[in-house]
Amino acid sequence: MSDKSFTIHPEITHHFWWFVIGIFLIPLLGAGIYIIYRKYHEIRSNTYIFTDRQIICKNQKFTDTIDLADIRGIDLAQRWIDIKFDIGTLTLRTNGRSLGMFGIKNPETISGMIMSAAEAERLRLSQPQISKRTDPERSAGTLDRLDYLTGLWQQGLISDEDFLKERKYFED
């Protein structure tokens, strides 16, 4: 089963003051251009990947993973400039460690989504796994033929009436 995932990059506006300082320092031997380049490169190298089961934080130096079921709380930190740009830093707390995610757009919404996903994952893990019941009288060949018949019907190669007529031979 493949996990669904989406990726978030930090917002550039999270380092607003670094960019302002960089602009003012451009006349000083190009130091400002270097500062702007370094901050932009640092921001773009960070990636947060959210899957059905975990959150992965990647940058150039390390990769950190937290399982959704382990998340116990989320702290939100916003400076006054972050509030203006609607960004913030989320700190995901588990029993043993924490993971900081800076420059997240719409942090209240994202933290709510993470917490509801964490609760759903804990619920999923707490319920016993229900295995599929297989009928002993049905062989693998019978199921393969039923899949083949279903495929023909879905592709439109046989009519609905023919499909229903043939399918009754495979059902009890």
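For this structure, a couple of remarks:
- Segment 5-126: equivalent-ellipsoid semi-axes (sqrt of 5 x gyration tensor eigenvalues, Cα, Å): 32, 15, 10
- In this calculation the C-beta distance from Q154 to K4 is compared with R0 = 22 Å, giving a FRET efficiency of 0.40.
- Charge-dipole axis of segment 5-126 as Lys and Arg at +1 and Asp and Glu at -1 on Cβ define it, positive-most pick from Y34, F6, T65: Y34
- Other residues within the sphere of radius under 15 Å centred on the Cβ of I36, judged by their own Cβ, net out at +2 (K and R +1, D and E -1).
- Spacing of the two label points (7 Å from each Cα toward its C-beta) at K105 and L164, in nm: 5.0
- The chymotrypsin sites (Phe, Trp or Tyr not before Pro) of segment 50-96 meeting both criteria, a DSSP state outside H, G, I, E and B (loop) and at most 12 other C-beta atoms within 10 angstrom of the site's C-beta, are F62.
Laboratory data are not the source of any read-out in this text; all were calculated from the coordinates shown. Just so it is clear, the structure is predicted and the values come from calculations on it, not from any experiment. Cβ atoms come from the backbone with ideal geometry, glycine included; neighbour counts cover every protein chain shown.
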